[in-house]
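Encoded as structure tokens, the structure appears first; notes follow it.
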Amino acid sequence: MKSTVEHLNPTRVKLSVEVPFDELKPHFTKAYGALARTVNIPGFRAGKVPSKILDARLGRGTILSEVVNDAVPAKYGEAVAEANITPLGQPEIEVTRIDDGDTLAFTAEVDIRPEIVLPAIDEIAVEVEDVEVTEADIDEQVEALRDRFATVTPVERAAADGDSVAIDLRAVVAGEDLPDASTDGLTYKIGTGDLVDGLDDALIGLSAGETANFTTGLVAGEHAGEAAEVTVTVNSVSERSLPEIDDDFAQLASEFDTVAEMRADLVERIRRVKNMTQGGQARDKVLEALLEATDIPAPASIVTSEYEARQHDAVHSFDHDEAQLNAYLEGEGQTREEFDAETRESAETAVRTQLLLDALAEQQGVGVSQEEFTERIIYNAERFGVSPDEYFKRLQEGNQLGAVIADVRRGKALANAVQLAKVTDASGNVLNIAELFGVEVVDEEEEAAAIEDAQDEAAGVIEGSSEEVTAQDGASEEPETAEQAK
């Protein structure tokens, strides 16, 4: 086989391949065998029809077509390996010549992973916010605990901010009742503000049995972006009484005997959360700095695929109704043109991000172990609310195992980069990223025990797939989204 590579641009190549017919013998054997099983010729057993008879009965063109369909993908793969390129997406293949008994020739245009020159990671410097636990932070958590342990007492008065009310809701758009936006007997705390805009104002001052009407904008469903007339009826009003902050409350709301001990524990809990937030900032800022410092041409077809996928997801949430999506965007003060431009920009950033992380992973020699793969399967399965074995089967059916491997590999590469970069807080302190994420204090035995049951559930299905769990399996996957990379 002879192949040449023409670089059409930094992200696309054209392979020209010529295959002597001598190399096609295994494909002819396979084609004759397959066709022999599909024809019924008197005097010959099924599958035992001689090749010359098949040529005469089916025509040489049919035989060559079968051979070409089988040989071209295989020879394309050999040409890719010989050229040492990493394809992204499917190739556009054109058979240019079939000289029976002599040569098969074809061309293949395909997007490839571009050559990326990475900056020195240890020269990347970013700044994140300070971690400070204030008294206000602690008080906020204490108030949340008080609210959780509040007592509720029915009262015969008008509803006020902070009260719990049992309500019925009805919503109408252009005279049409909206069942999905209506409910009976809903318990709601006034002041929460997380149900319907305008509801809190309508409820304050209403007593049991009274009704109020107000107009609000719908943010989801078939009528997203439209104005709805909402009727709310109060069935009952209850006053919420918060417990006093004393040692009895500490014993009720926590495992501690005193308020002082409870507040000290809250300090550590809040600090851990803020440390993780600070770590997330470090990750995002290091990634942003790497993207800014690296020339990463994005393959046009891959960007287009990502853009179309995001557009599909956006309109899917509005039952594939473009008009509803446009109405929602208008309600948010954004034109469809602005939305489309932002979507394309985010798609290109996502593709560039994945290309960057793949290059980082290769530079670092990052691999994915069977254990890491299994843990990610379990984690993703829990996110989607399915069993690990069911999730694994879905990945197999969709040929997406490599995508999961690539996702794990990229995440590890980014984590390594964050640890190599210089990360300081606003006060100028250099942060130990490994310590920040608790890497140095992980108890592997406890961690293993925590996931042992879930691993046992998935092991029966995942076992035997270890040959697929290699760093290289994910190398040729199309880029995923930037969110997944994180």
Only unsatisfied item for Arg352, checking (1) surrounded by 15 or more Cβ atoms within 10 Å (Cβ to Cβ); (2) free of Cβ contacts under 8 Å to residues at least 40 places away in the same chain, is (2)
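Does Gly279 satisfy the condition of being touching a helix residue (DSSP H, G or I) at 6+ places or on another chain (Cβ under 9 Å) and either in the same structural domain as Gln419 (by TED's automatic domain parsing) or touching a residue at least 60 places away in the same chain (Cβ under 8 Å) (or both)? Even if it seems obvious, please write down each step before you answer.
Numbers: touching a helix residue (DSSP H, G or I) at 6+ places or on another chain (Cβ under 9 Å): yes; either in the same structural domain as Gln419 (by TED's automatic domain parsing) or touching a residue at least 60 places away in the same chain (Cβ under 8 Å) (or both): yes.
The answer is yes for Gly279.
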message: With the structure loaded, tell me whether Arg12 is closer than 25 Å to Glu92 by Cβ and either among the basic types (Lys, Arg) or touching a His at 6+ places or on another chain (Cβ under 7 Å) (or both) or whether it fails that test.
response: yes
Being closer than 30 Å to Ala227 by Cα and either modelled with pLDDT under 95 or in contact with a His (Cβ under 7 Å, 6 or more places away or on another chain) (or both) narrows Glu371, Glu330, Glu362, Glu390 down to just Glu330
The residue that is surrounded by the fewest Cβ atoms within 10 Å (Cβ to Cβ), considering only those in the stretch 335-349 that are polar (S, T, N, Q) and either touching an Asp or Glu at 6+ places or on another chain (Cβ under 8 Å) or in contact (Cβ under 8 Å) with a residue 12 or more places away in the chain (or both), is Ser346
- Query: Is it the case that Arg170 is touching a residue at least 40 places away in the same chain (Cβ under 8 Å), of a type in the set (Lys, Arg), exposed (fewer than 13 other Cβ atoms within 10 Å of the Cβ) and outside the structural domain of Phe318 (by TED's automatic domain parsing)?
  - Reply: no
Residue hits (the stretch 164-220; farther than 12 Å from Val232 by Cβ, aliphatic (A, V, I, L, M) and assigned to a strand (DSSP E or B)) are Val172, Val173
Checked against (1) outside any strand (DSSP E or B); (2) over 15 Å from Ala160 (Cα atoms), Glu229 satisfies every condition except (1)
Glu156 fails exactly one of (1) in a strand (DSSP E or B); (2) at pLDDT below 95; (3) more than 30 Å from Glu255 (Cβ to Cβ), namely (1)
Inside the stretch 127-153, the number of residues satisfying the requirement of being assigned to a helix (DSSP H, G or I), out of contact with any strand residue (DSSP E or B) (no Cβ under 9 Å at 6 or more places or on another chain) and either surrounded by fewer than 15 Cβ atoms within 10 Å (Cβ to Cβ) or at positive phi (or both) is 7
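Does Glu78 count as closer than 30 Å to Ile302 by Cβ and not in a loop (DSSP other than H, G, I, E, B)? Can you show your working first?
On the way: closer than 30 Å to Ile302 by Cβ: yes; not in a loop (DSSP other than H, G, I, E, B): yes.
When the stated conditions are applied, Glu78 passes them.
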Within the stretch 250-295, of all residues that are among the polar types (S, T, N, Q) and in a helix (DSSP H, G or I), the one farthest from the chain's Cα centre (by Cα) is Gln251
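For the stretch 205-238, which positions are closer than 24 Å to Arg157 by Cα and either surrounded by 16 or more Cβ atoms within 10 Å (Cβ to Cβ) or not assigned by TED's automatic domain parsing to the domain that holds Val173 (or both)?
Passing the criteria: Leu206, Ala208, Ala212, Phe214, Val230, Val232, Thr233, Val234, Ser236, Val237, Ser238.
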Note on Gly185: of the conditions (1) buried (at least 16 other Cβ atoms within 10 Å of the Cβ); (2) of a type outside the set (Val, Ile, Thr); (3) at pLDDT below 95, unmet is (1)
All-but-one check, Tyr391 against (1) farther than 20 Å from Thr86 by Cα; (2) over 16 Å from the mean Cα position of the chain (by Cα); (3) of a type outside the set (S, T, N, Q), failing number (2)
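The values are calculated or read from the model by the stated rules, or taken from the named source; none is laboratory data. This structure is a prediction, so every number in the text was calculated from the model and none was measured. For neighbour counting, all protein chains shown are included, and Cβ atoms are generated from backbone atoms with ideal geometry for every residue, glycine included.
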